[in-house]
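Visitor: Quick one: structure below, then a few questions.
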Amino acid sequence: MQKESLRMSSFELNQPIQAAVKQQSSIKFEIGKAYQESATSKIPDQVSDPSAEHASTLLMNADVLIRFGEIDLAKHLVRQALSFNSHNPEALRRLITCMDPNTEATQLIKVHQALLKADFGFQTLANLGHAFYKVGNDSKAFENYRKALSTFTYEEKGLFEVYKNMGNILVKEGDYDGAEEFYNKAFTLKDDSDVLQVNLGTLDLQREDNEQALVRFRRALELNAKNDKAWVGLALVHNTMGDHVLAQANLENAIDVNPFNRTAVQLAAAWAIRDHKYDTAISYLETFLSQGGFGYESDGNLAGGFDEDLSLVLVHLFSLIGRQDLAAIEIERLLLWNPQHPQAILIEEELRAQIQS
């Protein structure tokens, strides 16, 4: 601390604290005011057609709550507004804002579909496509993306994401030419996207164009050195080209950035078995499974369900290093998740026999 700051008066020192207290009080007042207004804004029994003005007041109060992170309270107000008119587009938009796309994905699609009846525009269709894309319903996502593209008359804000996701869907279907067309359209809108560079690199890998894939993944890392998928892409290219040492280094970088990248952890385990070097891969798997083994899907979203396959891989690695005791503990954990898993049941019996012998 500089000498000048040491000579500050107690008044000067207290100013930031007083300001913070004042701001906190203001936030509490606004939130409290919004919630109090909602509590007194109930629909009278004798009113059969509540006014739009009343719903508008509720939505304004919800905006205050959303701004201060009180999402559950805001959602309560929005639902009150929707009780006046279930097709109110502004209320539906705010409800979408309040919903968790990871835990309420199915309900979110229904709200998007309800909004579509009132607003058949580019952004609404694109957002519905995104919602379907998130739950893995590629055909519905692609269908709504196409409808969205048929409605826009100028460069829409969300056009890049639509083109990119349509390219991703076509890559999964094996239509590489179609995917490249959409990726190139996305590239014209945003040529500095590290995510798009990874997608293009993945497309090049599918076409077995390793040199071009190398260029794409390196460019992605120039744009964002923390892109774990770009590091995985580089690892795959170098492994294909026979440079296993560099591939392993790339993979370690990916896991350092994101220990819960399932593809990276799965590759680490496979290469550990190939190279007979188990310790690091075991550590990666233990870390991955320690957070429930949920991992992330290819689009970066949290996956659902315990990762039974990687749990079995960890059991296998424990067995390879002679730690049947640890393998038995992991199998027990898997069976707690899925007691009917046929392969796990057989392995548990084999491990029990080995330990007892």
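Taken together, the values in this text are just the output of simple stated rules run on the coordinates, not laboratory data. Please read these numbers as outputs of a predicted model, since none were measured by experiment. As a convention, Cβ positions derive from the backbone with ideal geometry for all residues, glycine included, and neighbour counts pool all protein chains shown.
Visitor: For a quick protection proxy, order the peptides 195-207, 104-116, 163-175 by their average other-Cβ count within 10 Å, most packed first.
Guide: The most tightly packed comes first, giving 195-207, 163-175, 104-116.
Visitor: How would you order 343-349, 324-330 from highest to lowest mean count of nearby Cβ atoms within 10 Å?
Guide: On the way: 343-349: 15.7, 324-330: 18.3.
Peptide ranking by packing, descending: 324-330, 343-349.
Visitor: What does the charge count near Leu108 come to, summing +1 for each Lys or Arg and -1 for each Asp or Glu among other residues with Cβ under 14 Å from its Cβ?
Guide: So the surrounding residues net to +4.
Visitor: Would you mind getting me the FRET efficiency between Glu349 and Ala52? Use the beta-carbon distance for r and R0 = 51 Å, nearest 0.05.
Guide: Numbers: r = 67 Å, r/R0 = 1.32.
My answer for the efficiency is 0.15.
Visitor: Please find the FRET efficiency linking Asn210 to Asp279, where r is the Cβ-Cβ separation and R0 is fixed at 25 Å, and quote it to the nearest 0.05.
Guide: With R0 = 25 Å, the Cβ-Cβ based efficiency is 0.25.
Visitor: Let me ask something additional. Between Leu246 and Asp177, what length comes free when the chain is fully extended (0.36 nm per residue of separation minus the Cα-Cα distance, one decimal in nm)?
Guide: 21.8 nm
Visitor: For a test of the definition: using alpha carbon positions, the gyration tensor, and the 1.5 limit on a/c, classify segment 77-154 as rounded, prolate or oblate.
Guide: Oblate is the answer for segment 77-154, as a/c is 1.5 or above yet b/c matches or exceeds a/b.
Visitor: State whether segment 84-129 is rounded, prolate or oblate according to the following rule on the C-alpha gyration tensor (a ≥ b ≥ c being the square roots of its eigenvalues): a/c under 1.5 gives rounded; otherwise a/b larger than b/c gives prolate, and the remaining case gives oblate.
Guide: oblate
Visitor: Arrange the following residues from fewest to most other Cβ atoms within 10 Å of their Cβ: Val215, Val315.
Guide: Result, fewest neighbours first: Val215, Val315.
Visitor: Sort Met241, Met99 so that the residue with the fewest other Cβ atoms within 10 Å of its own Cβ comes first and the one with the most comes last.
Guide: The fewest-first ordering by Cβ neighbours comes to Met241, Met99.
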